[in-house]
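Have a look at the structure below before the remarks.
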Ligand code: SF4
Ligand code: SF4
Ligand code: SF4
């Protein structure tokens, strides 16, 4: 089995997903047996032009330049992974879509005249994506497992069930039943129920589970006392552009 030639790319993002990749620690040597890094600005001066067996792309698309860049990377990549929520759903960046473009630019930049931003979009708005690795950021071990799966030529086995399954396996007392607005029932597992394990509600950072029953959870939140505005904000936070939450998030 030959090594995978990989490229890691950053679009509009905080670099947290790349940092999660870098936390491989003791798994690093195993990983380096599988990959050759052809392009990864964060770790290497080598700036290869591919073609890549595997491109891991962090961030959403939010400038005219990025639209061209993601199409270019796609054309040079056999398998393209959307790394993290920004790439998969638009992520936290997509919150800006709920305000006018000019209004946001003025808030962030002293002199926004040279800024040319576009509506925030996930990668698959412009190109085909082969693997979605959601999370804000995705878990390090899961990223490594996906790279190994690609090297072996098998489809990644990412969970489709909700966080509640992992939460129950950890034998946590349910926060939703206690009256806290946990998102666990509609959010994809994979984090090991990190937040409920620490006594905190799931805020939804892994994005929607497959076929979530959001309607039922929303009724529960209303019963707890959440306003319609609070509900919309929760659904918008990480994955408001997703097909599963779009209906309620208002875009
Ligand atoms: S998904 Fe989260 S951690 Fe990753 S780049 Fe976006 S904001 Fe940062
Ligand atoms: S605490 Fe949240 S994640 Fe855990 S079982 Fe209850 S609703 Fe699900
Ligand atoms: S429990 Fe929810 S918010 Fe916390 S890490 Fe997991 S998916 Fe993200």
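Of note:
- Ranked by the mean number of other Cβ atoms within 10 Å per residue, highest first, peptides 104-115, 128-139, 15-26, 50-61 order as 50-61, 128-139, 15-26, 104-115.
- Relative contact order of the stretch 69-122: 36 percent, from C-alpha pairs under 8 Å at least 6 residues apart in sequence.
- Helix-only mean residue ellipticity at 222 nm for the chain, each DSSP H run of n ≥ 4 adding -39500 (n - 2.57), per residue, nearest 500: -9500 deg cm²/dmol
- Antiparallel bridges, percent of DSSP beta bridges restricted to the stretch 1-82 (to nearest 5): 10 percent
- Calculated Rg and Dmax of the stretch 163-249 using C-alpha coordinates, Å: 12.0, 33
- The spacing between the stretch 129-169 and the stretch 173-201, judged by their C-alpha centroids, is 19 Å.
- Fully extended contour minus Cα-Cα distance, from residue 125 to residue 169, at 0.36 nm per residue: 12.3 nm
- Tail weight of P(r) past 25 Å, computed on alpha-carbon pairs of the chain, percent: 46 percent
- Shape parameters for the stretch 4-152, alpha-carbon atoms, Rg then Dmax in Å: 15.8, 50
- Gained length - residue 110 relative to residue 19, 0.36 nm times residue gap less alpha-carbon distance: 29.8 nm
- Bridges between two residues of the chain, per DSSP, are antiparallel at a rate of about 20%.
- Relative contact order, percent, the chain [alpha-carbon distance under 8 Å, six or more residues apart]: 18 percent
- Gaussian network model of the chain, Cα within-10 Å springs - most flexible of 203, 228, 180: 228
Each reported figure results from applying straightforward, stated rules to the coordinates on display, with no laboratory input. Since we're looking at a predicted model, the values are computed, not measured. Cβ sites come from the backbone with ideal geometry, for glycine too, and all protein chains shown count toward neighbours.
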